[in-house]
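Read through the structure below, which is laid out as structure tokens, and then see the notes.
The values are calculated or read from the model by the stated rules, or taken from the named source; none is laboratory data. Predicted, not measured: the structure shown is a model, and the values here were computed from it. Because the Cβ atoms are built from the backbone with ideal geometry, glycine has one as well, and the counts that use them run over all protein chains shown.
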Amino acid sequence: MRLDRFLSETTPLTRSLAKRALKNGEVTLNGEPIKQAATHIDTQEDVVVLNGARLALVGLRYIMLNKPADVECTARRGLYPRVIDLIDLPKAERLQPVGRLDVDTTGLLLLTDDGQWSHRVTSPRHRCAKVYVAELAEPMEGDVAEWAINQVAEGIMLDGEETPTQPATLRFLAPHQAELTITEGRYHQVKRMFVALGNHVEALHRRSIGDIELTDDLAPGEWRELTPEEIASF
Ligand code: URA
């Protein structure tokens, strides 16, 4: 890899600032000062030091975030802070949310810079189960709850769509609180499913995606790297 590119990949420097740092004599290659931006280096073997700090390429990263409300899953800056603003890692903007949560939805959000892994998690073909807990505006119990459970199990026609939702699992934790497990990721799917059932979601939280569960040690806004087992589960 070219030395200026290596510097811009491993630090917050842009390519032109990397060239300037080289010109200013801030970089050594294997212990010798180096100024030529076009020098080709072996990214595994060569030792590149910028102002005393050894630089290394970051590998692929896999993150679990406990998403708080009022934070957006977009790359562009807008009305709300972005989820990547919560990840204090170099080059955090390279991390992509693996599927999106609405701005008011809380809970498990995965982020990665591994596009193939992300595709395995989100591809409809893989039918990965996502578990949500919804706080409902209207209580559902007795026959109404049973009717809703059956509707969800059979598949519901959502407003403006041509195919019913895939069979899903609904479980009532309390009259105003339900756990819904779905294997698709249609637009606002959980909220629209409850609208189709004559209710309204007041708050929504994602607990798990496949075998990856949000762990209790993460307060809203906190994140951790996935374990090798969690990564391998997809
Ligand atoms: N379904 C929704 O309606 N919203 C989300 O954020 C996720 C799933």
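Of the residues making up the range 164-191, those that are away from the ligand (no atom under 13 Å from the Cβ) and touching a helix residue (DSSP H, G or I) at 6+ places or on another chain (Cβ under 6 Å) are Pro167, Leu170, Phe172.
If the requirement is being closer than 20 Å to Thr106 by Cβ, at pLDDT 95 or above and in contact with a Ser or Thr (Cβ under 8 Å, 6 or more places away or on another chain), which of these qualifies: Val152, Val121, Val131? Explain how you work it out, then say what you get.
Numbers: Val152 fails: closer than 20 Å to Thr106 by Cβ; Val121 fails: in contact with a Ser or Thr (Cβ under 8 Å, 6 or more places away or on another chain).
None of the others qualify; the one that does is Val131.
The set of residues from the range 185-210 being charged (D, E, K, R) and under 14 Å from Met157 (Cα atoms) comprises Arg186, Lys191, Arg192. Every condition in (1) in contact with a strand residue (DSSP E or B) (Cβ under 9 Å, 6 or more places away or on another chain); (2) assigned to a loop (DSSP other than H, G, I, E, B) is met by Ser118 except one, and the failing one is (2). Only a single criterion out of (1) out of contact with any Cys (no Cβ under 6 Å at 6 or more places or on another chain); (2) more than 17 Å from Asn150 (Cα to Cα) is not satisfied by Arg192, namely (2). Filtering the range 12-55 to residues that are of a type in the set (A, V, I, L, M, F, W, C) and exposed (fewer than 11 other Cβ atoms within 10 Å of the Cβ) leaves Ala38, Ala53. One residue stands out among those in the range 92-126 that are of a type in the set (S, T, N, Q) and in contact (Cβ under 8 Å) with a residue 24 or more places away in the chain: the one that is nearest to the ligand (Cβ to nearest atom), which is Thr105. Phe234 meets each of the listed conditions (1) of a type in the set (A, V, I, L, M, F, W, C); (2) within 16 Å of the ligand (Cβ to nearest atom); (3) at pLDDT below 95 apart from (2).
Please list, ordered by residue number, the helices (runs of 4 or more DSSP H) wholly in the range 122-234 having 3 or more residues that are within 26 Å of the chain's Cα centre (by Cα). Show your work before the answer.
Working: elements: 142-154, 189-196, 228-232.
Those helices (runs of 4 or more DSSP H) span 189-196, 228-232.
Restricting Leu89, Leu79, Leu50 to residues that are in the same structural domain as Glu9 (by TED's automatic domain parsing) and either within 12 Å of the chain's Cα centre (by Cα) or not basic (Lys, Arg) (or both) narrows the list to Leu50. Once the range 127-142 is narrowed to residues that are without any contact (Cβ under 8 Å) to a residue 60 or more places away in the chain and surrounded by fewer than 18 Cβ atoms within 10 Å (Cβ to Cβ), the residue that is farthest from the ligand (Cβ to nearest atom) is Gly142.
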